[in-house]
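One structure is given below, encoded as structure tokens.
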Amino acid sequence: PSADIEAFRKVLASSKHIIAVAGAGLSAASGIPTFRGAGGMWRKYDAMSLATPSAFKKNPSLVWQFYHYRREAALKAEPNAAHYALSRLSFPPIRQQVAPDSTFTLITQNVDNLSPRANESFFAECGEVPSTDQPHLLEMHGRLFDVKCTDKACGHTEFNTDSPICEGLRGTEQFVQRQHLDPELPADNLPKCSQCGALTRPGVVWFGEMPHHLDLISEIVDKADLCLVVGTSSTVYPAANYAYAVGMSGGTVAVFNFEDNESAQDADFAFIGPCEDLLPQVLGI
Ligand code: NAD
Ligand code: ZN
């Protein structure tokens, strides 16, 4: 792969349909731990093993405490320069480096609300109404702040950034301090549905569940002629396939990652390093 910034900008300027596929590395500089990196442990648990339907079924209290911790971390965090660089790609007339009639969609695996927050503040700052022909942002793994009823017949979902989300989850910090204690929080104290009173769950897509917006995403991926792959290990499907699909149909793939992983080696461009530095620098925005 090439790391030639000028060559990349030529491709960027001539692309019609640009997408970015983002993962946890996009938010790493904001202080949100990735699952596979050094921050992938919570208490004595592997974070990935808690993000599953069976973990919730077995111990909803433990899983809610983990998500309480992740919600608190995301509330304290601020979007970083990489989030803002992607916001700038989304909103004309600030998109100097791209063709005026091109489209841009960010497909993110992140659930931390940092990309929507970056878009919102950038949008407020530039005062432009973004066109709605195509979505700017698709959060395919749901959202940390969506709270969803577990009763399928009810299915009520609410966006809620209360901190803590319910009294029962106050003071879970003590669990963090006492690493080896098993969860003690009674399931009765967990957040309940405001409509029907049933137990709620975090509105994120767990391993083994169906991601959101898949039809729309595949339409957008099919059209794309440039794919930026930002801070993802490209091991979670179907997201890992999108760059491959763009490459196979003759489009260009540019990877932004800390590590020179397999997806970087297969790419047309690879910019190896922190995306919060490289994305603004390489995009020139
Ligand atoms: P991952 O943890 O598998 O991979 C993170 C990737 O980011 C790695 O390849 C790493 O080299 C790279 N990286 C780390 N810091 C970087 C930086 N500063 N600049 C550039 N690259 C950097 O993450 P994933 O691929 O997103 O898959 C994990 C799954 O867990 C996803 O499905 C996601 O939904 C979920 N998750 C989300 C968040 C979040 O919302 N912020 C955090 C952790 C996990
Ligand atoms: Zn309900």
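Nearest 500 deg cm²/dmol is fine: what mean residue ellipticity at 222 nm does the chain get from its DSSP H runs of n ≥ 4 alone, each adding -39,500 (n - 2.57), divided by its residue count? It would help to have the intermediate numbers written out before the result.
On the way: 12 runs with 102 residues, N = 285.
That comes out to -10000 deg cm²/dmol.
In nm, what is the difference between 0.36 nm times the number of residues separating Thr150 and Asn59 and their Cα-Cα distance? Let's see the in-between values first.
Numbers: separation 91, 0.36 × 91 = 32.76 nm, distance 1.40 nm.
Taking 0.36 nm per residue and subtracting the Cα distance, the gain is 31.4 nm.
Can you give me the angle between helix 5-14 and the longest principal axis of the chain, using Cα atoms only, in degrees from 0 to 90, rounded to the nearest 10?
90 degrees
How many times 2.2 N^0.38 Å is the alpha carbon radius of gyration of region 1-69?
Numbers: Rg = 18.6 Å, N = 69, 2.2 N^0.38 = 11.0 Å.
That ratio works out to 1.69.
Can you give the charge dipole size of the chain about its Cα centre, rounded to the nearest 20 debye, using +1 on the beta carbon of Lys and Arg and -1 on the beta carbon of Asp and Glu?
My answer is approximately 620 debye.
For an R0 of 22 angstrom, estimate the FRET efficiency from the Cβ-Cβ distance between Asp46 and Phe159 and round to the nearest 0.05. Each step should come with its number before you reach the end.
Numbers: r = 28 Å, r/R0 = 1.29.
It comes out at approximately 0.20.
Rounded to the nearest 10 Å², what accessible area does Arg88 show when all protein chains are kept and the probe is 1.4 Å?
70 Å²
Roughly what % of DSSP beta bridges within the chain run antiparallel, to the nearest 5? Before the final figure, lay out each step's value.
Working: 10 of 34 bridges.
Just about 30 percent of them are antiparallel.
Can you sort Asp146, Asp46 by 1.4 Å-probe accessible area, starting with the largest?
On the way: Asp146 25, Asp46 75 Å².
Solvent-accessible surface, decreasing: Asp46, Asp146.
What pairs in Lys76/Lys223; Lys148/Lys223; Lys16/Lys76; Lys44/Lys76; Lys152/Lys223 have C-alpha atoms more than 27 Å from each other?
On the way: Lys76/Lys223 37 Å; Lys148/Lys223 33 Å; Lys16/Lys76 36 Å; Lys44/Lys76 23 Å; Lys152/Lys223 35 Å.
The answer is Lys76/Lys223; Lys148/Lys223; Lys16/Lys76; Lys152/Lys223.
Could you check how much of the accessible area of the chain is carbon and sulfur, as a whole percent, using a 1.4 Å probe? Could the numbers behind the result be given before it?
Values: 6900 of 13300 Å².
Whole-percent figure for carbon plus sulfur exposure: 52.
Express in Å², to the nearest 10, the accessible area of Met248 obtained by rolling a 1.4 Å probe over the protein heavy atoms while all chains stay in place.
Ignoring ligands and nucleic acids, Met248 comes out at about 130 Å².
Roughly how many nanometres apart are two label points built 7 Å out from the Cα toward the Cβ at Ile5 and Ile272?
The answer from the label model is 1.9 nm.
Under a 1.4 angstrom probe, counting protein chains only, how are Lys16, Lys58 ranked by accessible area, largest first?
The ranking, largest first, comes out as Lys58, Lys16.
Expected output is a single nm value to one decimal: the length gained when fully extending between Leu214 and Ala187, i.e. 0.36 nm times separation in residues minus the C-alpha distance. What is it?
6.4 nm
Would you work out which of Ala51, Thr34, Ile19 lies farthest towards the positive end of the dipole of the chain? Charges go on Cβ: Lys and Arg +1, Asp and Glu -1.
Farthest towards the positive end: Ala51.
Using Cα-Cα distances under 8 Å and only pairs 6 or more residues apart, what relative contact order does region 32-146 have, in percent? Mind dumping the intermediate values first?
Working: 107 pairs, mean separation 28.1, N = 115.
Across region 32-146, relative contact order equals 24 percent.
Taking Lys57 as the anchor, which aspartates and glutamates have their alpha carbon closer than 18 Å to its alpha carbon, excluding any fewer than eight residues away along the same chain?
Within reach: Asp46, Asp151, Asp182, Glu184, Asp188, Glu209.
Express the accessible area of the chain per residue in Å², computed with a 1.4 Å probe while the remaining protein chains stay in the model. Can you show the working numbers first?
On the way: 13300 Å² over 285 residues.
Ligands and nucleic acids excluded, the result is 47 Å² per residue.
Could you give me the percent of Cα pairs per 10 Å distance bin for the chain, shortest bin first, beginning at zero and ending with the bin that holds the maximum distance?
Per 10 Å bin, starting at zero, the Cα-Cα P(r) for the chain comes out as 6, 28, 33, 21, 10, 2 percent.
Along the charge dipole of region 49-95, Cβ charges K/R +1 and D/E -1, which of Leu62, Leu89, Ala73 sits furthest on the positive end?
The residue sitting most towards the positive pole is Leu62.
The values are calculated or read from the model by the stated rules, or taken from the named source; none is laboratory data. Being a predicted model, the structure only gives us computed values, none of them experimental. Cβ sites come from the backbone with ideal geometry, for glycine too, and all protein chains shown count toward neighbours. When the accessible area is computed, the model is the full protein with side chains, heavy atoms only, and any ligands, DNA or RNA have been set aside. Shrake-Rupley method; radii C 1.70, N 1.55, O 1.52, S 1.80 Å.
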